[in-house]
Amino acid sequence: MNFNRVIVTIMFCFLMSCSSDKDKNEKSIVVKVPEDVIAKALPIIDFTDNLDRIMTFARIATSVQFYYPGQGSYDTDWDAFISYGMYEVALTNTEQEFVETMRTLFIDIAPGVAFNENNYQAPTFKNEDIIIVWHQNGYRDRLDKELNVYTSVRSIITYGQLLADATYTKQTSYHIDYGNIIFDMPLVLATELSTSLPQGKSFSAPQEWLIPTSIENPYGCLSSFSKVWAGINNYWPYFDAVDVDWLQELRVLMQVCAEPERRLSMMTLSASLTKLQDNHINFGSNSNAFTEQFTIPVGFDWVEGMAIAVVKEDSAPDDIDVGDQLLTIDGQDVISVVEEFALYTQRSKLKRNHWSLLRYVLRREESTVVVLTLEKPSGQQYAITLTANSDLYDILISALDAYVPPATAQHKVLENDIHYVDLSISEEEHTEATISALTTASAIVFDFRNYPESWFGWQNILAHLSANPISSAPMYMHWTGAPDRYAVFKAHSPQSIMPRAPQIDVPVVVLASRYSQSSNEHALAYLQNAGVPIMGEATSGINGNITFLFTGGGASNGGIGMIFTGMEVRQNDGSAHIGVGIVPDIYVEQTREAIINGEDHQLNQAIKYLKAQLVVE
């Protein structure tokens, strides 16, 4: 499976999670109540004039959830607690009421925290004391049952062990003045019989209320958006490379939960996440901002700076041809439409317009009529009316494959004994035969435009390109021990490929694409360090393992399912990779003429480049 299909499959897994009337019913925490008590829904209170307290509660609640090591906190249903807490905070009219409400809310689940405490004393320990503390190298959701490089556990160790290990925080408490409340929280607690001291107890919903966790409810929305914001705020590793006022985004997200139209809320969340430029980010829910799953029978991509038809289905009219340029959509200039939707794509500035054209600007409800103005390569302009009855997913995949040809042959011999190896479909078992064949090659084209199917397939082949170990791009795990990234230890995670015989010493070039992402970019950084020239376009601009975050039980249960990057990866020279990508040594994009003729212009240019190298040699 190539990367185009991988990224779209992941995206649709989240964004097309079963949407039905049943799924849209509000999910509630069911509590046992006496027969004479009828539990009812929390009253909806206008909280828009209380946003400062709402924001402070969101930051404090998620800080306790992620970093307070007490047992009561660990056992708490935080989706329900934050939802209910938002209601209580919305009721407050004065700062004193707010402080008292916070004390009441947290007294049981986190008895070690303090609010406006003038004489708060941070806990102290001796080296031999047994303590409990969070140990986290990234965000790891408890609903994520897959294998994962990220660790988020409470460790029971001695205080001396904590001091000796750089991956643990050396702060025993966290202090912050929010302006409307002063918050102190122990980060390390004493322990006895494998539980925290004080132990605390988990949140118990008041008997008279049904506590909503679905984002359809304003309090459920506040709860979900709080966790999404806080997960990024505390564990996302790229704030030093991306210019974004993330605290301001919390205000925007809290405010939009008051809107009755949840589609607007989800679009706002999309806009906030887009500012991060993390091309791994995708989220989904039963209240998606973009629910239309149909499009016209023609797919477009950016080719030579133009919106070009790259694929058409059999049902498309004969009037429109692959290679025609799109000028307007329903009378609007295509550039303005693309830029409008680009703000919600969850993609970097480098890739937003591409993704907007591919996936957003022409998605419609089924049977919607769309009027386009196009221009032939000859300059002839024409208008055409099309109906959106084609599957969006199918058109998207076909358009991606039209620009970056899907992998077919793992190895083949081209003209002049130039060999071609598609590293994206190279498996470990291909290594011996491939290397044996390459020993007779005059030159080699490596293709890394599609997402790799095997971790060791490409590594084993790269090991024959250098007599010295080849290092990866700099990678760092962020061990975080306190809220707001105040206690982060960056642990370098070096990787290298050791040389193997026989060594291949012929001219080599590797193809990269605008859609090469993550593992592609990881491999391309190795090739850069091996001195192999890269031909193609700047890659996606995101690398590092993804992590999963769920709210309200996930997308199918009325909450949110989301992925984001949890590891920091930089360029080989130490500069930012996010939003930049790997810039090719030789810039070559696909051309309009090649798309029309069904040719692979990038591969043709790679062959031309290598033939020139052979002449020079």
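With r as the distance between the Cβ atoms of Q199 and A164 and R0 = 41 Å, compute the FRET efficiency 1/(1 + (r/R0)^6) and round to 0.05. Write out the running numbers ahead of the final one.
Values: r = 27 Å, r/R0 = 0.66.
Once rounded, the FRET efficiency stands at 0.90.
In terms of the Cα gyration tensor, with a ≥ b ≥ c the square roots of its eigenvalues, is region 496-552 rounded because a/c is under 1.5, prolate because a/b exceeds b/c, or oblate? Don't skip to the answer; put the middle values down first.
Values: a/c = 4.31, a/b = 1.84, b/c = 2.35.
Taking the square roots of the gyration eigenvalues as a ≥ b ≥ c, region 496-552 is oblate.
For the chain, what is the mean residue ellipticity at 222 nm derived from helices alone (per DSSP H run of n ≥ 4: -39500 (n - 2.57); sum divided by total residues; nearest 500 deg cm²/dmol)?
On the way: 17 runs with 185 residues, N = 617.
That calculation yields -9000 deg cm²/dmol at 222 nm.
Going by amide H atoms built from the backbone, whose H comes under 5 Å of the H on R347, apart from near neighbours?
Placed amide hydrogens put nothing under 5 Å from R347.
Convert each backbone phi in region 90-107 into a coupling constant with the Karplus relation 6.51 cos²θ - 1.76 cosθ + 1.60 (shift: θ = phi - 60°), then list the ³J(HN,Hα) values in order as whole Hz, x for Gly and Pro.
After applying 6.51 cos²θ - 1.76 cosθ + 1.60, I find 4, 6, 6, 10, 10, 5, 5, 4, 4, 4, 5, 4, 5, 4, 5, 5, 9, 4 Hz.
If you plug each phi of region 568-580 into the Karplus form 6.51 cos²θ - 1.76 cosθ + 1.60 with θ = phi - 60°, what whole-Hz ³J(HN,Hα) values come out, in order, with x for Gly and Pro?
Running phi through 6.51 cos²θ - 1.76 cosθ + 1.60 with θ = phi - 60° gives 8, 10, 10, 5, 4, 8, x, 7, 5, 9, 4, x, 10 Hz.
For the chain, with the dipole built from +1 on Lys and Arg beta-carbon atoms and -1 on Asp and Glu ones, taken about the Cα centre, which of A538, A388, T431 lies farthest toward the positive end?
Toward the positive end, the furthest listed residue is T431.
With an 8 Å Cα cut-off and a minimum separation of 6 or more residues, compute the relative contact order for region 36-212 in percent.
Numbers: 285 pairs, mean separation 62.6, N = 177.
Normalised by residue count, the contact order of region 36-212 is 35 percent.
Around Y174, which amide H atoms from residues at least 5 apart in sequence, or from another chain, sit under 5 Å from its own amide H, with H modelled in the peptide plane?
Sorted by chain and number, the residues that satisfy this are M185, L187.
Work from the charge dipole of the chain (Cβ charges, +1 for Lys and Arg, -1 for Asp and Glu, about the Cα centre) and give the residue of G552, M475, H280 farthest towards its positive end.
Sorting the options by dipole projection puts first M475.
Take every Cα pair under 8 Å in region 466-617 that's 6+ residues apart, average their separations, divide by the length, and report that relative contact order as a whole percent.
Details: 268 pairs, mean separation 35.7, N = 152.
Relative contact order for region 466-617 comes out at 24 percent.
Over the chain, what relative contact order in percent results from Cα pairs under 8 Å that are six or more residues apart? Walk me through the numbers before you get to the answer.
On the way: 1345 pairs, mean separation 103.7, N = 617.
Relative contact order, the chain: 17 percent.
Determine the distance separating the Cα centre of region 414-466 from the Cα centre of region 199-253; give it in Å without decimals.
46
Please work out the Cα center distance from region 304-356 to region 469-513, rounded to the nearest Å.
36
What is the set of long-range amide H partners of A41 at a cut-off below 5 Å, with H atoms built 1.01 Å from backbone N?
It is L210, by chain and number.
Just rank S73, S575, fewest to most, by other beta-carbon atoms within 10 angstrom. Intermediate values should be presented prior to the final figure.
On the way: S73 27, S575 9.
Result, fewest neighbours first: S575, S73.
Once you sort the root eigenvalues of the Cα gyration tensor of region 36-212 as a ≥ b ≥ c, which label holds: rounded (a/c under 1.5), prolate (a/b larger than b/c) or oblate (the other case)?
Details: a/c = 1.99, a/b = 1.55, b/c = 1.28.
Prolate, because a/c is 1.5 or more and a/b exceeds b/c.
Counting other beta carbons within 10 Å of each Cβ, put V615, V256, V133 in order, fewest first. Let's see the in-between values first.
Numbers: V615 8, V256 22, V133 25.
Exposure proxy ranking, most exposed first: V615, V256, V133.
May I ask which residue of F183, L143, P123 lies farthest towards the positive end of the charge dipole of region 120-190, with charges of +1 (Lys, Arg) and -1 (Asp, Glu) on Cβ and the Cα centre as origin?
Result: L143, furthest along the dipole toward the positive end.
Going by how many other beta carbons lie within 10 Å of each one, how would you line up D301, D141, D52, fewest first?
Starting with the residue having the fewest Cβ neighbours, the order is D52, D141, D301.
Using θ = phi - 60° and the Karplus relation 6.51 cos²θ - 1.76 cosθ + 1.60, list the HN-Hα couplings for region 463-475 in order, rounded to whole Hz, with x at every Gly or Pro.
My calculation for region 463-475 gives 4, 9, 9, 9, 7, 10, x, 9, 8, 7, 5, x, 10 Hz in order.
For volume of the Cα convex hull per residue in Å³, pick the label among (1) 174; (2) 186; (3) 256 that corresponds to the value derived from the coordinates.
(1)
Every read-out reported here was derived from the displayed coordinates using simple, explicitly stated rules and does not represent laboratory data. What you are looking at is a predicted structure, and each value in this text was computed from that prediction instead of being measured. Glycine also receives a Cβ, built like all others from the backbone with ideal geometry; neighbour counts cover every protein chain displayed.
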